[in-house]
Every structure is written in structure tokens, then in C-alpha cells.
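The values are calculated or read from the model by the stated rules, or taken from the named source; none is laboratory data. Everything quoted here is computed from the prediction, not taken from an experiment. All Cβ positions, glycine included, derive from the backbone under ideal geometry; neighbour counts span all protein chains shown.
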Amino acid sequence: MTEKNNEKIDILSLSFEELEEEILLLGEKKFRAKQIWQWLHVKRVRNFDKMSNLSAQFRDKLSNVFCIKSLIISKRLASNIDNTVKYLYELSDGNHIETVLMEYNHGYSLCVSTQVGCKMGCQFCASTIAGFKRNLEPSEILLQLYETERDSDIKVSSIVLMGIGEPLDNFENVTRFLEILSDKGGNNMSLRHVSLSTCGIVPKIYELADKNYGLTLSVSLHATNDVKRSEIMPVNNKYNINELIAACRYYLNKTGRRISFEYALIDGVNDSREQAEQLSRLLRGMQSHVNIIPVNKIKEREFTSDRKSAVRFRDMLIKLGVNATVRRTLGLDIDAACGQLRREYEI
């Protein structure tokens, strides 16, 4: 069910088909839904009064039934190094989420949050420390795009669901967001320009594969055996590495899309030659890519690594036949890693 605000329907969380149904229930013609959809998702108005091709009476009716949610910019940090911009957005209930705008040669990419906080408990991640509050509604994920584009006066060409939260733990709202985002009458963003990052909720990977959206699946692996992975990622106690890799192979076979494996390198934990060899065996025969990430330093944890260590581990993998790169680090001067700004703001 779509969230209601004071009994009003959250209109930005409706699919086009659902909006049509609601408009018919109001006794209006079906074509009105297309007009409203254009105002919401192309012209992106913030209130019904701006919908000038609708009668004043109809606009009043809409405002009595629906609400148009919004986000408030609580903090905006712009990097002096690489044009990365980090937003701390305040939601209507006073909670906060983070969104990061990144500039690449091919265009702008936006990293969006899917939950307020995270319950997954990964040991190296700042998002989990501030605690889990709730799932984001489809509108609240979508508005990170709308408000960022409006504030920065740019057009985002790709989206990464890799901000605060575990997207597959908010499966219904995330998939609804993807369908609204890609609707041809609205944003019309190809889901081939979307990457979804998960720590490995295996049943939902199968469900996502069956939807065949064509998006890139990015799996946070971070270790290559169950003992190591369970130490830093509690989700591994429920869905072990063999189960996870089987689900990834299913996703690849179902969609034809290469799997990206995120590997946050931690000195003395997952950076050994043995781990590199285990990783090459795990991924053998799979169309995949390993993205090595020097772990972000957070004050509550002692985990560290640097780019030199990441390059050394990458070179080991390449010699073992694994397609691997070191992630370009953006926004170093503004703590662009997810969760740090929200945590500091709410302490």
C-alpha cells in the first residue's frame, strides 16, 4: 500500500496505472492521469496549483485527496577536488538521508539512499552505526533525483542504489521506484543506467532476476570464505557465500547482465594472497567484475587500507585471471562515503 500523509495519498509513489485508477475513482476522465503524470514527473511541480491545464475545481479536489512530498536540503557539501556534491536531506518526519552527486566523463551519476539507516550491521560501514529507522517510500527515493537535479541544475544520466540502507530489504518500494523512474511517459530512464548494490539477501536476488529489469547487480562480497565474511557481514550467517554465488549465477543467466562484486579491502582481514586465490575460484566461469575499494576510515572502527594496498590486491587478481579494478575515490574532502554526514548530524 502507498503511504498516506494525514490520510492523503502519496501521489509520487503511485505507478501510472495506479494513478489512472485513482483518477477514475474521483469521477474524472482517464486522460487526466497523463496530464498529472507529466506535471509530476516531467515538469516536476511541487504543488497542484501549478497544474495550469486543470480546472481550479479539479486542482482543489486533487489537493484534498493527494499530497506531493518534498525533501529539504539540511546540508550541502561540495568538493573542491572533483565536483562531488553530498546532500543531507530532511524527510517530512524529521529523519535524514544522504545523496551523493558524482561527475564522470560520461555524465553525472547519483548515489541514492533507500532506507533511513541500515539494519545489516556490516562492520566497516558508517550507515549501520546510527541505527535503522524505517524504509523510504518510492517518492522519497525518487525525490533525491528530482531535488538534486533542481538544485544543481544538471541532468543525471545514471543512478546507483548504494547509499544508506539495503535496497533489497526494501524490495517493494525500490522496485516501484524503478518502475516509476523508467516509465516512458515520465523520466524514461533506461534501467541499464541503474546499478543496485546489495550485501546479499539471496531470495530477493532471485526475485529481482525474475523481473529482468536489465539493471546492473552489484554485490558487496568483501570476503571469500564464510568465517571471514561472517565476522564483518552478519548477513552471511543467514545466506552463506555458496548460496550467494549461486543466486548471482542465476541472475547472470536470467538477465545476461555482468555481475559487479564490491570488495572493501581491509588491511589484515581480507587482503591476503589466499583470499585472492579463493576469489578467483569463486568467480570462475562467471561474467563478472571485481571493484576493489580502499575502506573508508570511521572513528568507531579500526579498519584501514589505502590505495597502494588496493592496487597490490588488484594486481594479484588480474594475474589470477579476474577482471578487477580499484574504485576511483571521490569527495575525499567532504567525507562522501555514505552514512558519515547523517551520523554526525544526528549525534
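Sort out which residues of segment 65-118 are part of a strand (DSSP E or B), surrounded by fewer than 18 Cβ atoms within 10 Å (Cβ to Cβ) and touching a residue at least 60 places away in the same chain (Cβ under 8 Å), and write them in order of number. Even if it seems obvious, please write down each step before you answer.
To start, the set of residues in segment 65-118 that are part of a strand (DSSP E or B) comprises 66-67, 72-78, 85-90, 96-104, 107-111, 115-116.
Now narrow it down to the ones that are surrounded by fewer than 18 Cβ atoms within 10 Å (Cβ to Cβ): 72-78, 90, 103-104, 107.
Correct list: I73, S74, K75, R76, L77, A78.
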Notebook entry, point to check: Any residue in segment 24-34 that is more than 17 Å from L142 (Cβ to Cβ), modelled with pLDDT of 95 or more, outside the structural domain of L178 (by TED's automatic domain parsing) and among the aromatic types (F, W, Y)?
Noted result: yes
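I'd like to verify a number: residues in segment 37-84 that are of a type in the set (G, A, S) and under 15 Å from I23 (Cβ atoms), how many? Walk me through how you get there before you give the answer.
First, pick out the residues of segment 37-84 that are of a type in the set (G, A, S): 52, 55-56, 63, 70, 74, 78-79.
Next, only the ones that are under 15 Å from I23 (Cβ atoms) stay: 55, 63.
Final tally of qualifying residues: 2.
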Next item on the list: Of the numbered conditions (1) more than 20 Å from D151 (Cβ to Cβ); (2) not assigned by TED's automatic domain parsing to the domain that holds L110, N47 fails exactly one; give the number of that condition.
Entry: (1)
Item checked: Hits in segment 36-53 - residues which are surrounded by 16 or more Cβ atoms within 10 Å (Cβ to Cβ) and assigned to a helix (DSSP H, G or I) -> I36, W37, Q38, W39, L40, H41, F48
Next item on the list: Go through segment 258-270 and give me each residue that's surrounded by fewer than 19 Cβ atoms within 10 Å (Cβ to Cβ) and more than 19 Å from the chain's Cα centre (by Cα).
Entry: D267, G268
Next item on the list: Scan segment 139-177 residue by residue and report those that are farther than 20 Å from F66 by Cβ, assigned to a helix (DSSP H, G or I) and in contact with a helix residue (DSSP H, G or I) (Cβ under 6 Å, 6 or more places away or on another chain).
Entry: P167, L168, F171, V174
Notebook entry, point to check: Can you tell me which residues in segment 178-206 are in a helix (DSSP H, G or I), in contact with a helix residue (DSSP H, G or I) (Cβ under 7 Å, 6 or more places away or on another chain) and surrounded by fewer than 21 Cβ atoms within 10 Å (Cβ to Cβ)?
Noted result: L191, V202, K204, Y206
Check: Give me the pairs: first residue in segment 159-188 and on the phi > 0 side of the Ramachandran plot, second residue not polar (S, T, N, Q), beta-carbon distance under 6 Å, and six or more apart or on different chains, which are they?
Finding: G165/C118
